[in-house]
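Here is the structure we will look at.
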Amino acid sequence: VQLVESGGGLAQAGDSLRLSCAASGRTFMTSSMGWFRQAPGKEREFAGVINSSGDSTWYADSVKGRFTISRDNAKNTVYLQMSGLQPEDTAVYYCVAAQGRIGSIYLARNYAYWGQGTQVTVSS
């Protein structure tokens, strides 16, 4: 699975942005898809994940209620809708994919496929 993110950029506090992740490969429909982020000087952290059928999502407490993950299996694309952005959301956002049982969804090592990342910068 190859993953290509898009949609990052500059935003002001309170703004919304939508990230997209286009996946290639026939395994997209059977893959759980998620997003991690890494702020400057910090470790990569889990943001959210959606299961292969798209009917279940899980989020980090830091983004719950503000971020929404969705997927369009017909387009091999997963989205991260971000609203109420805050400066602390500034990070490189990575799209991730995993086949089969993930184990802990919070651990980066449990995702075999990663995109190149897209920068999101939020100013106050």
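The values are calculated or read from the model by the stated rules, or taken from the named source; none is laboratory data. In this text the structure is predicted, and so the values were computed from the model without any measurement. Here the Cβ positions follow ideal geometry from the backbone for every residue, glycine too, while neighbour counts run over all protein chains shown. Each accessible area value is taken on the protein alone, full model and side chains, heavy atoms only, with ligands, DNA and RNA left out. Shrake-Rupley method; radii C 1.70, N 1.55, O 1.52, S 1.80 Å.
Inspection of the stretch 69-88 finds a residue satisfying the criterion of being free of Cβ contacts under 8 Å to residues at least 24 places away in the same chain, out of contact with any Ser or Thr (no Cβ under 7 Å at 6 or more places or on another chain) and assigned to a strand (DSSP E or B). What residue, among those in the stretch 39-54 that are of a type in the set (D, E, K, R) and closer than 17 Å to Phe67 by Cβ, is most open to solvent (accessible area, probe 1.4 Å)? Of everything passing the filter in the stretch 39-54, Arg44 is most open to solvent (accessible area, probe 1.4 Å). I'd like the residue in the stretch 69-102 that is charged (D, E, K, R) and open to solvent by 30 Å² or more (accessible area, probe 1.4 Å) and, out of all such residues, is nearest to the chain's Cα centre (by Cα). Here the answer is Arg71. Restricting the stretch 35-59 to residues that are within 16 Å of Tyr111 (Cα to Cα) and of a type in the set (Gly, Ala, Ser), the residue that is farthest from the chain's Cα centre (by Cα) is Ser52.
Within the stretch 108-121, the set of residues being open to solvent by less than 40 Å² (accessible area, probe 1.4 Å) and part of a strand (DSSP E or B) comprises Thr118, Val120. Would it be correct to say that Phe36 is in contact with an Asp or Glu (Cβ under 7 Å, 6 or more places away or on another chain), part of a strand (DSSP E or B) and either at pLDDT 95 or above or surrounded by fewer than 16 Cβ atoms within 10 Å (Cβ to Cβ) (or both)? Here the answer is yes, as Phe36 does meet what is asked.
Under 23 Å from Gly9 (Cβ atoms), out of contact with any helix residue (DSSP H, G or I) (no Cβ under 8 Å at 6 or more places or on another chain) and not polar (S, T, N, Q): which single residue out of Ala60, Ala39 fits that description?
Every option except Ala60 fails the conditions.
The condition of being open to solvent by 60 Å² or more (accessible area, probe 1.4 Å), touching a strand residue (DSSP E or B) at 6+ places or on another chain (Cβ under 8 Å) and within 24 Å of Ser123 (Cβ to Cβ) holds for only one of Arg66, Arg18, that being Arg18.
Only one of the numbered conditions (1) in a loop (DSSP other than H, G, I, E, B); (2) open to solvent by 70 Å² or more (accessible area, probe 1.4 Å) is violated by Ile105, and that is (2).
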